[in-house]
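First the structure, in the form of structure tokens, and then the observations on it.
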Amino acid sequence: MSEPKKVSRRQFLNYTLTGLGGFMAAGMMAPMVRFAIDPVFKPAAAGDFHSVADVKEVTNEPQRFEWEVEQVDAWYESTIQKTAWVYRKEDDEIIALSPICTHLGCTVDWASNEEYPKQFFCPCHGGRYTKDGVNVPGTPPTAPLPVFETKVEDGMLYLGEEIAR
Amino acid sequence: MMKWAKKDLEQFVKEKEYIDTLFIPLIPIHTSIDEKMTGSGFQAELTNLFSRIIEEQFRGRIVLAPDYYYIAGNAEAEVDRVNNWIDSFTEKPFSYVFLFSFDRNWRKSESDLRGELLWFPGLRHGDLQSTETQSFVKEQAKEIVEIIKESWQT
Ligand code: FES
């Protein structure tokens, strides 16, 4: 199947702004228009990869990388900052973990607690995860940290969707 | 931290035992002198930026109160009302309360406030998008994050 043609968000907003009068006048048209618009966003949101770092920067020690994504909800278009803990396993595979604690959503840090230098630590209620992101039993989180889809192209690391585990 | 919004507060109500900290941004508004007026707009935006960063870091343990606005110049007169806000959470009082502001006047009343004042000298003017502002915000935010973590540990 060929990919639907992508309409950039900016373009899309322009459409809707200029088209607003039309929308209102022709209430009957609205459902059809919506139907036409919906598929525009979805392919862009799913399977979107963002370039995050030069692969050479990735080491065996987890490091924080940040990037930005555009997010659109019913009312606003906004830029949100995303973060991942990224490292290279012994077998060279690159792992990118979400820093969002699966307990109640605080941001976890690598090796921030002296007692657990080889774990991710959540400052909120002492949740802990081993290096592979698996929650340590007996601490509040009940699931591992989600992992990002990864892909390397031309020496750059790209991250995609977050996958819960 | 959780925002003052339905979805977040629903979670708060459910997970209260874990959420023991309140964060209130105190934002002065200048209304009379033009230059100060625009400046206070900038401070307000800056404050919101900080609230957002703190929210991201600690959303599982902190509730972010709605912004507390007041007419600049008379922070002392606001002390009672701020304390009222804090005391009004009667069902389950917070163990930790942080009051965040760029308004230096709060320092005079620091000891009367029923919360810990996080005061920082803000930036007078600037551009939220500039790299200068961004690095300022990142540095200061790191410090606030540390202060909050430390208070939890003691
Ligand atoms: S939010 Fe991480 S342990 Fe509770």
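With θ taken as phi - 60° and the Karplus curve 6.51 cos²θ - 1.76 cosθ + 1.60 applied, the whole-hertz 3J(HN,Hα) list for segment B:99-104 is 10, 9, 7, 9, 8, 5 Hz, x standing for glycine and proline. On association of chains A and B, roughly 1100 Å² of accessible area becomes buried (total for both chains; probe 1.4 Å).
Estimated from the Cβ-Cβ distance and a Förster radius of 51 angstrom, the FRET efficiency linking B:A5 and A:D132 is about 0.90. Averaging the sequence gap over all C-alpha pairs within less than 8 Å and six or more residues apart, then dividing by the number of residues, gives chain B a relative contact order of 28 percent. These residues, B:Y18, A:Y87, B:Y69, A:Y76, go from largest to smallest accessible area, 1.4 Å probe, as A:Y76, B:Y69, B:Y18, A:Y87.
Taking amide H atoms as placed 1.01 Å from N in the peptide plane, the amide H of B:I71 lies under 5 Å from those of B:I29, each 5 or more residues away in sequence or on another chain. Rounded to the nearest 10 square angstrom, B:W4 shows an accessible area of 130 square angstrom against a 1.4 Å probe. Each residue was assigned an accessible area with a 1.4 Å probe, and for B:M37 the value is about 100 Å². If R0 is taken as 45 Å, the Cβ-Cβ distance between A:D92 and B:Y69 corresponds to a FRET efficiency of 0.25.
Within the accessible area of segment B:1-113, what % is carbon and sulfur when the probe is 1.4 Å and the other protein chains stay in place?
Heavy-atom surface of segment B:1-113 belonging to carbon and sulfur, 1.4 Å probe: 49 percent.
Residues of segment A:66-112 that bury at least 10 Å² of accessible area once all protein chains are present, compared with their chain alone (1.4 Å probe, heavy atoms only, ligands and nucleic acids left out), are A:E66, A:T79, A:Q81, A:H103, A:L104, A:G105, A:C106, A:T107, A:D109. Relative to one another, the C-alpha centroids of segment A:103-148 and segment B:66-112 are positioned 33 Å apart. Averaged over its residues, segment A:50-163 has an accessible area of 52 Å² per residue, based on protein heavy atoms and a 1.4 Å probe. Note on B:K92: lysines with a C-alpha under 30 Å away, same-chain residues under 8 apart excluded, are B:K3, B:K6, B:K7, B:K14, B:K16, B:K108, B:K142, B:K149.
The values are calculated or read from the model by the stated rules, or taken from the named source; none is laboratory data. Values in this document were obtained by computation on a predicted structure and should not be read as measured data. Note that each Cβ is placed from the backbone with ideal geometry, even for glycine, and that neighbours are counted across all protein chains shown. Calculation scope for accessible area: heavy atoms of the full protein, side chains included, ligands and nucleic acids excluded. Shrake-Rupley method; radii C 1.70, N 1.55, O 1.52, S 1.80 Å.
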